[in-house]
1. What number goes with the only condition from (1) open to solvent by less than 80 Å² (accessible area, probe 1.4 Å); (2) of a type outside the set (Val, Ile, Thr); (3) at pLDDT below 95 that Ala46 does not pass?
2. Do you know which of the residues in segment 21-36 that are open to solvent by less than 70 Å² (accessible area, probe 1.4 Å) and part of a loop (DSSP other than H, G, I, E, B) is nearest to Ile7 (Cα to Cα)?
3. The conditions are (1) among the small types (Gly, Ala, Ser); (2) open to solvent by 50 Å² or more (accessible area, probe 1.4 Å); (3) under 12 Å from the mean Cα position of the chain (by Cα), and Ala76 fails exactly one of them. Which is it?
4. Filter segment 55-67 down to the residues that are surrounded by 13 or more Cβ atoms within 10 Å (Cβ to Cβ) and part of a loop (DSSP other than H, G, I, E, B) and list them by number.
5. Tell me which of these Ala3 doesn't satisfy, since it passes every other one: (1) modelled with pLDDT under 95; (2) open to solvent by less than 80 Å² (accessible area, probe 1.4 Å); (3) not in a loop (DSSP other than H, G, I, E, B).
Amino acid sequence: MAAKVEIYTWRTCPFCIRAKNLLTNKEVNFTEYSIDGDEVARNKMAQRANGRRSVPQIFINDRHVGGCDDIHALDAQGKLDDLLQSTHSV
């Protein structure tokens with residue numbers, strides 16, 4: 001079973017698009033929360049993301065892994081695939 005991946009985005013955010021492209025290229029199914037202009041949703045995201053309010057914010061198995069640069073760094077370090085294959089919270 002694959003990891004549970006969630007991503008908070010804005011539709012026109014280039015960093016969101018880049019992060020989603022990475023996940024799509026890895027054939028990862030993810031749940032996207034488009035929070036354009038929705039302050040309630042953004043506040044909920046910030047609570048989950050340790051106060052971070054920028055988008056995207058990405059969670060793997062309910063663990064906050066950060067934003068676009070963070071997920072690309074995990075991929076470059078060879079750590080992302082392991083996280084994506086794990087079904088356990090870290």
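1. Exception for Ala46: condition (3).
2. Of everything passing the filter in segment 21-36, Phe30 is nearest to Ile7 (Cα to Cα).
3. Only one criterion is unmet by Ala76, namely (3).
4. Val55, Pro56, Asn61, Gly67
5. (3)
Listed here are the residues, each with its yes/no results for (1) part of a helix (DSSP H, G or I); (2) out of contact with any strand residue (DSSP E or B) (no Cβ under 8 Å at 6 or more places or on another chain).
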{"residue": "Tyr8", "(1), (2)": "no, no"}
{"residue": "Ala19", "(1), (2)": "yes, no"}
{"residue": "Asn43", "(1), (2)": "yes, yes"}
{"residue": "Asn50", "(1), (2)": "no, no"}
{"residue": "Arg53", "(1), (2)": "no, yes"}
{"residue": "Asp69", "(1), (2)": "yes, yes"}
{"residue": "Asp75", "(1), (2)": "yes, yes"}
{"residue": "Leu84", "(1), (2)": "yes, no"}
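The values are calculated or read from the model by the stated rules, or taken from the named source; none is laboratory data. Since we're looking at a predicted model, the values are computed, not measured. For neighbour counting, all protein chains shown are included, and Cβ atoms are generated from backbone atoms with ideal geometry for every residue, glycine included. Quick note on the areas: whole protein, heavy atoms, side chains included, nothing else; ligands and nucleic acids left out. Shrake-Rupley method; radii C 1.70, N 1.55, O 1.52, S 1.80 Å.
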